[in-house]
1. Mean residue ellipticity at 222 nm from the helices of the chain, using -39,500 (n - 2.57) per DSSP H segment of n ≥ 4 over the full residue count, to the nearest 500 deg cm²/dmol?
2. What trypsin sites (Lys or Arg not before Pro) in region 88-184 are in a loop by DSSP, with at most 13 other Cβ atoms within 10 Å of the Cβ?
3. Direction-averaged shadow area of the convex hull around the Cα atoms of the chain, nm²?
4. Considering the Cα trace of region 77-209, what is its radius of gyration and what is Dmax, both in angstroms?
5. From the C-alpha gyration tensor of region 1-70, pull out the three semi-axes of the equivalent ellipsoid (sqrt of 5λ each), sorted largest to smallest, in whole Å.
6. Counting other Cβ atoms within 10 Å, which chymotrypsin sites (Phe, Trp or Tyr not before Pro) in region 70-151 have at most 14 and lie in a DSSP loop?
7. Quick one: putting +1 on the C-beta of Lys and Arg, -1 on the C-beta of Asp and Glu, what dipole do you get for the chain around its Cα centre, in Debye to the nearest 20?
8. Among Ser41, Ser193, which comes first, second and so on when ranked by fewest other beta-carbon atoms within 10 Å?
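No value in this document is a laboratory result; all are computed from the given coordinates. Computed from a predicted model, the values in this text were never measured in an experiment. All Cβ positions, even for glycine, are placed from backbone atoms using ideal geometry, and neighbour counts span all protein chains on display.
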Amino acid sequence: MKFDILTLFPEMFEPIKQSIIGRAIKNNIIDINLINIRDFSRDKHKKVDDTPYGGGAGMIIRPDVVYDAYQSIKDKNARVIYMSPQGKVLKQEKVKELSEHKHLILLCGHYEGIDQRVIDEIVDEEISIGDYVLTGGEIPAMVLIDSVSRYVEGVLKKESIECESFSRDLLEYPQYTRPEIFLDKKVPEILLSGHHDNIRKWREKMQEEITNKKRPDLIKGLKN
Ligand code: 4GT
């Protein structure tokens, strides 16, 4: 799976090259290609933004620079996503759907945003990671890459993903490891019993209890 990232701050993506995603990159399962929008400025000072028509605070990224950056990587089979608080809020269902694509192009805004004309011209879909405002789309893009990559074949062990799809829409059961006693708290007896059928039932019951208590909206299927 290939991710092309159009951004003014490619250095911000260093953290995602660690751990599980880092291993997937080294194994050529995931490819993260960073395109610095600034490289496409034709200005002698490499300027990419300007003041908003109509007035107001902040700077807007110019459409021509973004367009030229996009032209350098464009692929008619890729899905172009603009990370934006105006987009649909990312949910696990959408994460799974995006993981079926071979090539995603992620456009990250900064400052007060990007000129609307280039968004209308190149973007297929806008995605938000939640109802709050950030200084840029880079962290949302990393959230999308991390969540989508988990579903790409070879990134995780098969069990890690399958287990989730059975228990869809429920929170996870609590997990324990050694020591058996920690600060006078014992690990639930059933987990030491070796009775795998009872353990499975106990875990399912815990999932329902925890979801009911912490996120009843997930069970009721409420949108927010
Ligand atoms: C929030 C989100 C996002 C921003 C989100 C354009 C300039 C948007 C700054 C950018 N804030 N992007 N994707 N909730 N800010 O996903």
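1. Mean residue ellipticity, 222 nm, calculated: -10000 deg cm²/dmol.
2. Lys91, Lys102, Lys157, Arg168
3. If I average the Cα hull's projected area over directions, I get 16.7 nm².
4. Gyration radius and largest Cα-Cα distance of region 77-209: 20.3, 63 Å.
5. Over the Cα atoms of region 1-70, the ellipsoid semi-axes are 31, 13, 10 Å.
6. When the chymotrypsin sites (Phe, Trp or Tyr not before Pro) of region 70-151 are filtered for loop state and at most 14 Cβ neighbours within 10 Å, Tyr132 remain.
7. I would put it at about 540 debye.
8. Ser193, Ser41
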